[in-house]
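The values are calculated or read from the model by the stated rules, or taken from the named source; none is laboratory data. It should be emphasised that the depicted structure is a prediction, and the values quoted were computed from it without experimental measurement. We place every Cβ from the backbone using ideal geometry, glycine too, and count neighbours over all the protein chains shown. Keep in mind that these areas ignore ligands, DNA and RNA; they rest on the heavy atoms of the full protein, side chains included. Shrake-Rupley method; radii C 1.70, N 1.55, O 1.52, S 1.80 Å.
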Amino acid sequence: ILNVEQSPQSLHVQEGDSTNFTCGFPSSNFYALHWYRWETAKSPEALFVMTLNGDEKKKGRISATLNTKEGYSYLYIKGSQPEDSATYLCAFTKGGATNKLIFGTGTLLAVQP
Amino acid sequence: SAVISQKPSRDICQRGTSLTIQCQVDSQVTMMFWYRQQPGQSLTLIATANQGSEATYESGFVIDKFPISRPNLTFSTLTVSNMSPEDSSIYLCSLRAGDEAFFGQGTRLTVV
């Protein structure tokens, strides 16, 4: 993988469903992987920054895992709520250019009540 | 954390005109970053703005099209010059605090 690839592009779920998204990134020269939640008309909000292979982080109902050797991260949302509706972005930074975030195109999540 | 105030939040502009987007930060920061998200595309870095020096532009972006000012450590502007419909995007300013990035609320620009 040369760029950051996110899937699916969009997802519609019912309230209470659990869901997960995938982020693929270049595995060479890895520095950090970031997840953001971006609601319409608001600033992107940082969810997680992960740097170590095998990292698992959790914030409430949202959690993320990281595999730097194979170049992927998963974001999980347990028991989705309508307020979880947003675009979820992942971004990758590489060693030697740690200020430069390389973003995927995002996963648009819509949670129906 | 940091608070970034970005304006305007949205604008509709005629082709051939220019728009200046402003970002004000509640603390002093060395570097600020400007991003663009065209429809269906990823957030893409336009340039990095350091106070007291010229901005550093990414491949595909030039100073004549996207001039940036950084007059002090709490403020930056990005101008989108001689606009065309292809410039219709969301523009975001950003800063880094450690490994975390903070963003303005974005400017949704439509060029007609």
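Using a Förster distance of 22 angstrom, determine the FRET efficiency expected from the C-beta separation of B:SER1 and B:SER69, and round it to 0.05.
The calculated FRET efficiency here is 0.30.
Can you give the relative contact order of region A:1-66 as a percent, counting alpha carbon pairs under 8 Å and 6+ residues apart?
That works out to 22 percent.
Rounded to whole Å, give me the distance from the Cα center of region A:31-53 to that of region B:1-62.
That distance is 19 Å.
Could you give me D for chain B, from Stokes-Einstein at 25 °C and 0.890 mPa s, where the hydrodynamic radius is the Kirkwood radius over C-alpha pairs? Units µm² s⁻¹, please.
176 µm²/s
Using Cα pairs closer than 8 Å and at least 6 residues apart in sequence, work out the relative contact order for chain A, in percent.
37 percent.
Quick one: accessible area per residue over chain A, 1.4 Å probe, rounded to a whole number of Å²?
I get 49 Å² per residue for chain A.
Could you look at chain B and say what percent of its accessible area is carbon and sulfur, using a 1.4 Å probe and all protein chains?
The C+S portion of the solvent-accessible surface of chain B is 47 percent.
Name all residues of region B:21-58 having a backbone nitrogen under 19 Å from the label point set 7 Å from the Cα of B:ARG15 along its Cα→Cβ direction, giving them as ranges.
Label zone hits: B:38-39.
Can you pull out the cysteines in chain B that have no other Cys Cβ under 4.7 Å?
Here B:CYS13 come out as lacking a disulfide-compatible partner, given the Cβ-Cβ threshold of under 4.7 Å.
Assuming a ≥ b ≥ c are the square roots of the Cα gyration tensor eigenvalues, decide whether the protein assembly as shown counts as rounded (a/c under 1.5), prolate (otherwise, with a/b larger than b/c) or oblate.
It is prolate, given that a/c is not under 1.5 and a/b is the larger ratio.
Could you check the simple spin-label distance between B:GLU54 and A:TYR31, using points 7 Å along Cα→Cβ, in nm with one decimal?
2.4 nm
Past the 31 Å Cα-Cα mark, which pairs from A:LYS78/B:LYS7; A:LYS69/B:LYS7; A:LYS58/B:LYS7; A:LYS59/A:LYS100; A:LYS69/B:LYS65; B:LYS7/B:LYS65?
Long pairs (Cα-Cα over 31 Å): A:LYS78/B:LYS7; A:LYS69/B:LYS7; A:LYS58/B:LYS7; A:LYS69/B:LYS65.
Given a 1.4 angstrom probe, what's the average accessible area per residue across chain B, in square angstrom?
Heavy-atom accessible area per residue stands at 47 Å².
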